[in-house]
Structures are given as structure tokens and as C-alpha cells.
Amino acid sequence: MQPEPRMDALVGTVLEGAYRITRLVGEGGMGAVYEAVQLRLNKRVAIKLMSRDLAANREALARFHREAEITSHLGHPHLVTVIDFGTAESGEPTWSWSISKGKISTTACVEWVACPLRRLSTWSGKSPRR
């Protein structure tokens, strides 16, 4: 297995042929959140990129997928709107959401990432799969 690249090394690269990474917003236990531009629409988005090491863990990968799926079904002005889900060329799973106004707050990203899956499933009306 190759060593994982530094997360800030992705700034300036294009992921999945669709997103130009403009800056690293924050890093956490599951990976990193970036600000990017969706190239086809010239739209600001945020992208969550799971760490490669964690993506090798089937349970963690399933949790990441559930998080994207459940979040995509939520509709609330204080929650993100998931717009895409995929896999980076280097193999890390990703999901992205639109940035409606203002800046991406590192604090908001940390709070969002830390939000318990059970609370998300309560808001969405879907049960988390175990």
C-alpha cells in the first residue's frame, strides 16, 4: 500500500474530472473537507474525501456511504444539500454538497462530521442500517 498523500497536496488538482480543489477547509478522523469549484457549472462546492487508510475498512466505508445517502434525503435550511457521490482517481470515496452563501466554516464542518448517524436518521425518517 502506498503512503497516503498529504491532504493539502490536493489543492489545485481536479477530482473525478469535475471538481477543481481550491483549498483545504479542515481535517478530521475520517478524512478532509475541501472547498472546490464544480467545473461544469462554475459553482462553489464542498467535498468530503475519506482517507485512503480508512476506506480500506469495510465498516468505516459503509458508514461513509450511509452518511452520504441519509444526508442526501434530508431537507433543512441548516443542513448541507448533497449533490454528488463518487470515488477519487486515487480510490478515496467522496461526496460533495453545495455552498449556498458565505464561507465554509471549519467549525461547521467539524460539527457536521461529528453529528451522530442516529440523529441524522431521525431527521430523515430513515433507519441507519447496521
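Bear in mind that the values in this text are calculations on the coordinates, not laboratory data. Not measured: the values here are computed from a predicted model. Positions of Cβ are generated from backbone atoms using ideal geometry, with glycine treated the same way; all protein chains shown enter the neighbour counts.
What ranking, highest mean first, results for peptides 22-29, 47-54 when packing means the other Cβ atoms within 10 Å averaged over each residue?
Working: 22-29: 15.1, 47-54: 21.4.
So the peptides 22-29, 47-54, ranked by packing, come out 47-54, 22-29.
Based on C-alpha coordinates, I'd like the Rg and Dmax of region 1-89, in Å.
In Å, with Rg to one decimal and Dmax whole: 13.3, 41.
Report the extension gain between Leu61 and His78 in nm, rounded to one decimal, defined as 0.36 nm multiplied by the number of residues separating them, less their alpha carbon distance. Write out the running numbers ahead of the final one.
Details: separation 17, 0.36 × 17 = 6.12 nm, distance 2.55 nm.
Going from the current span to full extension adds 3.6 nm.
Work out, step by step, the length gained on full extension between Val14 and Arg40: first 0.36 nm times the residue separation, then minus their alpha carbon distance; give nm to one decimal. Walk me through the numbers on the way to the answer.
Working: separation 26, 0.36 × 26 = 9.36 nm, distance 1.21 nm.
Computed gain between Val14 and Arg40 is 8.1 nm.
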